[in-house]
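Engineer: Please find one structure pasted underneath; my questions will follow.
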Amino acid sequence: MDSKNIEQGIVELIRKAECELPIDVIRALKSAYKIEKGVAKTQIEAILKNVDIAKKTRRPMCQDTGIQTFFVVIGVDFPYIQRLEDLILNSVKKATIEIPLRPNTVDPFTGKNHEDNIGDHIPYITWNFCEGSEVYITVLPKGGGSENMSKLGMLKPGVGIEGVKNFVVEEMIKAGGNPCPPTVVGVGIGGGADLALKLGKISLLRPVGVRHKDKTIAKIEAELIKRINDSGIGPMGLGGKTTVLDVHIEKAHRHPASLPVGISVQCWADRRAHMVIHDDCSWEVK
Amino acid sequence: MEYHLKLPVGRDDIKKLHVGDVIYITGKIFTARDEAHQIMLEKDKIPFAPSEMALFHCGPLMKKEKGKWSAISAGPTTSSRMDIFEDKFIEKFGINIIIGKGGMGERTEKALKKYNAIYTSYTGGAGTLAADKIEDVLGVYWLEDFGMPEAVWIFKVKEFGPLVVALDSHGESIYKKLKNKVK
């Protein structure tokens with residue numbers, strides 16, 4: 001087996017994310033279906049039908065196949081460490097044709113679409129390192145409609161955690177039906193501005209329904225879920241009980257003068273997939 | 001109420017629809033996002049007949065095989081981006097059914113009322129469900145200039161829906177009703 005095999009593995013990773021919604025998200029949508037009525041129920045029903053068709057026909061569940069966002073943890077003894085970035089880029093090009101993916105990389109100055117989902121800084125790859133010779137990759141295809149509802153609040157520390165909670169609830173009410181609710185909301189608190197937004201996005205990697213291991217934070221997550229759902233915005237902003245499927249929080253320590261809050265919103269198509277690559281180029285997609 | 005409509009629809013068909021109704025449409029629809037709206041407003045002549053069709057805010061995922069295009073996944077895109085064009089667009093092309101997601105603003109609402117048109121919401125992200133209702137791809141315009149998502153695609157659809165009437169021709173808005181409740 002050679003490194004070409006890794007490329008095909010990453011294509012399959014992207015295919016899995018685009019065509020198969022994770023089971024935790026499906027479970028949450030099915031619970032929503034049970035409690036919704038009227039128009040809200042028709043929306044969840046259409047979503048569940050769509051998820052089923054996508055899985056059976058191996059087609060992307062949403063036409064917005066997103067910006068390919070990779071979180072890579074690479075074992076420092078992995079023999080192809082120097083080639084991994086190229087392998088990922090080639091896989092994205094291949095996936096664009098094979099799956100297919102919608103060409104989603106536009107130059108902000110010329111307006112030209114690069115056609116292959118590759119561009120400056122895109123796909124977006126976050127690198128982390130670990131011991132050993134294996135590589136762990138998570139892909140999160142991130143759609144534009146939900147990404148447009150991202151928010152950064154540089155709050156005054158004096159407003160405290162109550163202020164943070166109010167900020168998140170107000171912003172999600174303002175977002176209304178735009179990010180394709182029911183959404184998963186990732187909230188990063190602390191750090192600097194960039195870190196808060198990054199933590200918000202990283203928190204989306206946690207499965208739906210799993211609370212933060214810190215009990216205080218877990219309680220705040222539960223409170224935010226209730227408050228946002230009580231707004232009645234509902235599926236697609238057409239009214240209903242389910243506006244969010246989950247709220248995830250991650251925190252960093254903050255500067256004494258700052259209280260950054262980064263909100264990263266994921267649509268109901270909370271697409272994620274994971275893989276491990278072994279040092280002999282074999283792989284498994286989970 | 002649920003309605004099954006054949007396009008193009010007449011004035012009376014639009015008048016009988018109210019927010020909260022669910023419709024399924026059969027006929028021709030065309031996609032247009034930001035750039036397509038802009039170019040269509042600029043051009044004197046359009047190479048197809050928009051007035052016979054519904055307008056779909058959509059940037060589809062398409063595939064060409066043996067010279068023939070087909071839709072792989074084709075759900076709606078966020079409509080609010082088109083709000084700055086839509087009143088003029090409705091006036092110029094006589095569109096009376098718009099399909100999108102997330103709702104539109106004051107300007108569009110007024111135009112819908114004035115020109116007797118409706119805005120309907122299709123389930124965001126339900127791309128394969130939508131693509132399965134597309135029977136044929138009748139044409140594509142400005143593909144070279146704008147790329148796949150921003151080009152205008154003409155689709156022949158059958159029983160396309162469920163489309164929830166979200167802004168009707170009587171000036172009612174499902175979003176406003178909701179907002180009042182939230183407050």
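Engineer: Using a 10 Å cut-off around each Cβ, can you sort A:CYS281, A:CYS267, A:CYS62 from fewest to most neighbouring Cβ atoms?
Structural biologist: Exposure proxy ranking, most exposed first: A:CYS281, A:CYS267, A:CYS62.
Engineer: Here's another thing I want to ask about it. Pick out, from B:MET40, B:VAL140, B:ILE95, the residue whose Cα sits farthest towards the positive end of the charge dipole of the stretch B:2-182, with +1 on the Cβ of Lys and Arg and -1 on the Cβ of Asp and Glu.
Structural biologist: B:ILE95
Engineer: Right, next: All other residues with a Cβ under 15 Å from the Cβ of B:PHE85 taken together, and with Lys, Arg as +1 and Asp, Glu as -1, what is their net charge?
Structural biologist: So the environment of B:PHE85 carries a net charge of -3.
Engineer: Mind listing P(r) for chain B? All alpha-carbon pairs, 10 Å bins, whole percents.
Structural biologist: Binned Cα distances yield the sequence 10, 41, 37, 10, 1, 0.
Engineer: Using a Gaussian network model of chain A whose springs link C-alpha atoms within less than 10 Å, name the residue from A:THR105, A:THR65, A:THR138 with the highest mean-square fluctuation.
Structural biologist: Result: A:THR105 has the largest fluctuation of those listed.
Engineer: Same structure, new question: Of all chymotrypsin sites (Phe, Trp or Tyr not before Pro) in the stretch A:90-150, which ones are in loop regions per DSSP and have a Cβ with at most 12 other Cβ atoms within 10 Å?
Structural biologist: A:PHE109
Engineer: How far, in degrees from 0 to 90, does helix A:215-230 lean away from the longest principal axis of the Cα atoms of chain A, to the nearest 10?
Structural biologist: Long axis of A:215-230 versus the principal axis of chain A: about 70 degrees.
Engineer: Also: Taking Cβ-Cβ under 4.7 Å as the only way to count a partner, pick out the unpartnered cysteines of chain A.
Structural biologist: A:CYS19, A:CYS62, A:CYS130, A:CYS281
Engineer: Which whole-angstrom value gives the distance between the alpha carbon centres of the stretch A:174-210 and the stretch B:88-143?
Structural biologist: One Cα centre to the other: 30 Å.
Engineer: Still on this structure: For a test of the definition: using alpha carbon positions, the gyration tensor, and the 1.5 limit on a/c, classify the protein assembly as shown as rounded, prolate or oblate.
Structural biologist: oblate
Engineer: Amide H to amide H under 5 Å from A:ARG102: which residues, 5+ apart in sequence or cross-chain, H placed 1.01 Å off N in plane?
Structural biologist: A:THR65
Engineer: Let me ask you something else. At a Cα cut-off below 20 Å, give the lysines reachable from A:LYS215, other chains included and same-chain residues fewer than 8 away excluded.
Structural biologist: A:LYS165, A:LYS226, A:LYS251
Engineer: Per residue of the stretch A:259-273, what does 6.51 cos²θ - 1.76 cosθ + 1.60 with θ = phi - 60° give for ³J(HN,Hα)? Whole Hz please, x for Gly and Pro, Karplus curve as stated.
Structural biologist: My calculation for the stretch A:259-273 gives 9, x, 10, x, 10, 10, 9, 10, 5, 4, 6, 7, 7, 8, 8 Hz in order.
Engineer: Something else: Could you identify which residue out of A:ASP116, A:ASP270, A:ASP107 has the top mean-square fluctuation in a GNM of chain A using Cα springs shorter than 10 Å?
Structural biologist: In this elastic network of chain A, the residue with the biggest mean-square fluctuation among A:ASP116, A:ASP270, A:ASP107 is A:ASP107.
Engineer: Express the Stokes-Einstein translational diffusion coefficient of the stretch A:144-266 in µm² s⁻¹, to the nearest whole number, given a Kirkwood radius over alpha-carbon pairs, 37 °C and a viscosity of 0.692 mPa s.
Structural biologist: Rounded, D is 235 µm²/s.
Engineer: OK, next. Going by how many other Cβ atoms sit within 10 Å of their own, how do B:LYS101, A:LYS30, B:LYS113 line up, fewest first?
Structural biologist: Sorted ascending by nearby Cβ count, the order is A:LYS30, B:LYS113, B:LYS101.
Engineer: A further question follows. Fewest to most neighbouring Cβ within 10 Å: what's the order for A:MET1, B:MET82, A:MET154?
Structural biologist: A:MET1, A:MET154, B:MET82
Engineer: Okay, moving on. Against the 2.2 N^0.38 Å scaling, with N counting residues, where does the stretch A:8-115 land? I'd like the Cα-based Rg ratio to two decimal places.
Structural biologist: So the Cα radius of gyration is 1.35 times the expected 2.2 N^0.38 Å.
Engineer: Roughly how many nanometres apart are two label points built 7 Å out from the Cα toward the Cβ at A:ASP230 and A:ASN5?
Structural biologist: 5.6
Engineer: Taking R0 as 56 Å, what FRET efficiency do you get between A:VAL76 and A:LYS241 from their Cβ-Cβ distance, rounded to the nearest 0.05?
Structural biologist: Efficiency computed from Cβ-Cβ geometry: 0.70.
Engineer: By how many degrees, between 0 and 90 and to the nearest 10, does the Cα long axis of helix A:193-203 differ from the longest principal axis of chain A?
Structural biologist: 80
Engineer: Here is a follow-up. Springs between alpha-carbon pairs under 10 angstrom, Gaussian network model over chain A: which of A:VAL169, A:VAL244, A:VAL184 fluctuates most?
Structural biologist: So, out of A:VAL169, A:VAL244, A:VAL184, the one fluctuating most is A:VAL169.
Engineer: Counting DSSP beta bridges in chain B, what percent are antiparallel, to the nearest 5?
Structural biologist: Percentage antiparallel, nearest 5: 60.
Engineer: Using 1/(1 + (r/R0)^6) with R0 = 25 angstrom and r between the beta carbons of B:ASP83 and A:LEU152, what's the FRET efficiency to the nearest 0.05?
Structural biologist: Efficiency computed from Cβ-Cβ geometry: 0.55.
Engineer: Also: Could you pull out the pairs from A:LYS201/B:LYS113; A:LYS112/B:LYS110; A:LYS41/B:LYS63; A:LYS16/B:LYS68; A:LYS241/B:LYS156; B:LYS43/B:LYS101 whose alpha carbons sit more than 29 Å apart here?
Structural biologist: Long pairs (Cα-Cα over 29 Å): A:LYS201/B:LYS113; A:LYS112/B:LYS110; A:LYS41/B:LYS63; A:LYS241/B:LYS156.
Engineer: Given +1 on the Cβ of Lys and Arg, -1 on the Cβ of Asp and Glu, and no further charges, what dipole in debye does the protein assembly as shown carry about its Cα centre, rounded to the nearest 20?
Structural biologist: Dipole of the protein assembly as shown, to the nearest 20 debye: 1620 debye.
No lab work stands behind these numbers, since they all come straight from the coordinates. All of these numbers come straight from a predicted model, not from anything done at the bench. Please note: Cβ atoms are built from the backbone with ideal geometry, for glycine as well, and neighbour counts cover all protein chains shown.
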